[in-house]
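This report refers to the structure that appears directly beneath it.
Here, each number is a calculation from the coordinates, and none is a lab measurement. Model, not experiment: these values are computed from the prediction. Backbone-built Cβ (ideal geometry, glycine too); neighbour counts: all protein chains shown.
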Amino acid sequence: MSEPTQEPQRLRVVVADDQAAVREPLAAVLGLSEDIDVVAAAADGSEVLTAVAAGPVDVVLMDLRMPVMDGIETTRRLGEDYPDVAVVVLTTFADDDSILGALGAGARGYLTKNAGRQDITRAIRAAAAGQSVLDREVQDRLLATVRTKAPEQKQTLPGNLTPREREVFTLIGQGLPNRGIAEKLFVSEATVKTHINNLFAKAGIRDRADAVRRAIEAGLA
């Protein structure tokens, strides 16, 4: 007798946006995904914290400019009180202060509102798995900002990185996503993820944004 097919684990998501015209359709569209349940829709950061407290919640899809409590402060509060809840920012703003503020507060993903449904669901899944996804425009801004602020003296990297891990590190610094790195190196995305996990552990890197900064400061990008 064949084994019963196991249902994929469904991700519990809170959608946060102060505009009902954005929040409600977005929640409805995400709810069509086979592995996503929208468990709450919030109009401000205070409502996000209430929804997460009622939990369980895996990911918050977070707008930045909201009344009562904005997205950056809410992300910071979630990191302090609910570190297992991942945050993906979805906003119209891609300025340096917004990007660095959100990533510094602990957001795992940052998308602009021209992202499509596939981009958003991919970012939610990646964040739930502990990975980071940055919009291409956001990557470019982050790279430009870090290069401008990078110190003149290059930072050293751990000496135990393998040649392949250094290659992956360099490509991360150039802003390539995992798929792009895999295509460049002619390996699978799973192999790229393994290299990234290893080099993050060796170099003490928190997330992809931190990896981009470290790669540039080390002169790899």
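The aspartates and glutamates whose alpha-carbon is closer than 13 Å to the alpha-carbon of Lys202, local same-chain residues fewer than 8 away aside, are Glu165. Using alpha carbons only, how many degrees (0 to 90, rounded to 10) separate the axis of helix 20-30 from the longest principal axis of the chain? Between helix and principal axis, roughly 70 degrees. When the convex hull of its Cα atoms is viewed from all sides, the chain shows a mean projected area of 14.3 nm². To the nearest ten degrees, helix 163-173 and the longest principal axis of the Cα atoms of the chain are 50 degrees apart.
Helical content alone sets the calculated 222 nm signal of the chain at -15500 deg cm²/dmol, taking -39,500 (n - 2.57) per DSSP H segment of four or more residues and averaging over every residue. Put a dot 7 Å past the Cα of Asp96, heading toward its Cβ, do the same for Leu32, and the two dots end up 4.0 nm apart.
Model label sites at Glu137 and Arg117, defined 7 Å from Cα along the beta-carbon direction, differ in position by 2.2 nm. Just to confirm my numbers, what's the Cα centroid distance between the range 51-83 and the range 206-221 in Å? When both Cα centres are located, 26 Å separates them.
Taking label positions 7 Å along the Cα-Cβ direction at both Val187 and Asp81, the computed distance is 4.1 nm, reported to one decimal. For the chain, which longest stretch is free of loop sites, where a loop site is one of the GluC sites (Glu not before Pro) that DSSP puts outside H, G, I, E and B and that has at most 13 other Cβ atoms within 10 Å? After excluding every exposed loop site, the longest remaining stretch is 35-151. So for the range 11-141, Kirkwood radius off the Cα pairs, Stokes-Einstein at 10 °C and 1.306 mPa s: how many µm² s⁻¹? Stokes-Einstein gives a translational diffusion coefficient of 113 µm²/s. Relative to the current alpha-carbon distance between Thr50 and Gln19, full extension at 0.36 nm per residue lengthens the span by 9.3 nm. Counting pairs of alpha carbon atoms under 8 Å apart in space and at least six apart in sequence, what relative contact order in percent does the range 152-217 give? Here the relative contact order equals 44 percent. Once the Cα atoms are used to define both axes, helix 45-54 deviates from the longest principal axis of the chain by about 80 degrees.
Computed on the chain, with alpha-carbon pairs under 8 angstrom and 6+ residues apart, the relative contact order is 15 percent.
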